[in-house]
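The values are calculated or read from the model by the stated rules, or taken from the named source; none is laboratory data. Predicted model only: the values in this text are computed from it and were never measured. Here Cβ is always computed from backbone atoms with ideal geometry, including for glycine, and neighbour counts include all displayed protein chains.
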Amino acid sequence: MLIGELSERTGVSRRLLRYYGEQGLLDSARSPGGYRVYGPDAVRTVRHIRALLDMGLTTGVIASVLPCVRGDADEPIGLELCPDLVRTIRAELAALDSRIDELQRHRGALSRQLAGC
């Protein structure tokens, strides 16, 4: 299928689909006319990418996690929890916890400033 059809079927812009390709997340071939042509699994792959992005993962992390993703295009994704993936998820959770702590400190500082007004 061409990029326009993939965009319609997934609700993802053509620009983002090209970006996913640049990041190594989405494979395509080229037609004789130079158009991107996507295989039958592209819809499922794009939906998996979107679900992983919604989990807060970066495209760099998704590139390493995507091979462990299972499920059909219309089903929730499932992750095959291989040891590398477990380490990656734990590291992502630790980074999120650290970021949450930092944001709470910032919020507290801002609240104290407002309380002093």
Unique residue being over 18 Å from Val12 (Cβ atoms) and not in a helix (DSSP H, G or I) when the list is Pro32, Pro40, Pro67: Pro32
Could you tell me whether any residue of segment 66-77 is at pLDDT 85 or above, buried (at least 16 other Cβ atoms within 10 Å of the Cβ) and assigned by TED's automatic domain parsing to the domain that holds Gly11? yes
Suppose the filter is within 18 Å of the chain's Cα centre (by Cα), over 25 Å from Thr45 (Cα atoms) and not in a loop (DSSP other than H, G, I, E, B); does Ala95 pass it? yes
May I ask you to list the residues in segment 1-19 that are farther than 14 Å from Gly39 by Cβ and out of contact with any Lys or Arg (no Cβ under 8 Å at 6 or more places or on another chain)? Glu8, Gly11, Ser13, Arg14, Arg15, Leu16, Tyr19
Looking at segment 39-51, which of its residues are touching a helix residue (DSSP H, G or I) at 6+ places or on another chain (Cβ under 7 Å), hydrophobic (A, V, I, L, M, F, W, C) and farther than 17 Å from Glu22 by Cβ? Val43
Condition check for Arg87: closer than 23 Å to Leu16 by Cα, assigned to a helix (DSSP H, G or I) and without any contact (Cβ under 8 Å) to a residue 60 or more places away in the chain: no
Residue satisfying condition, being over 30 Å from Leu93 (Cβ atoms), modelled with pLDDT of 90 or more and not assigned by TED's automatic domain parsing to the domain that holds Leu96, within set Ala42, Ala29: Ala29
When you scan segment 78-85, do you find a residue that is modelled with pLDDT under 90, farther than 14 Å from Ile3 by Cα, under 12 Å from the mean Cα position of the chain (by Cα) and not aromatic (Phe, Trp, Tyr), even just one? no
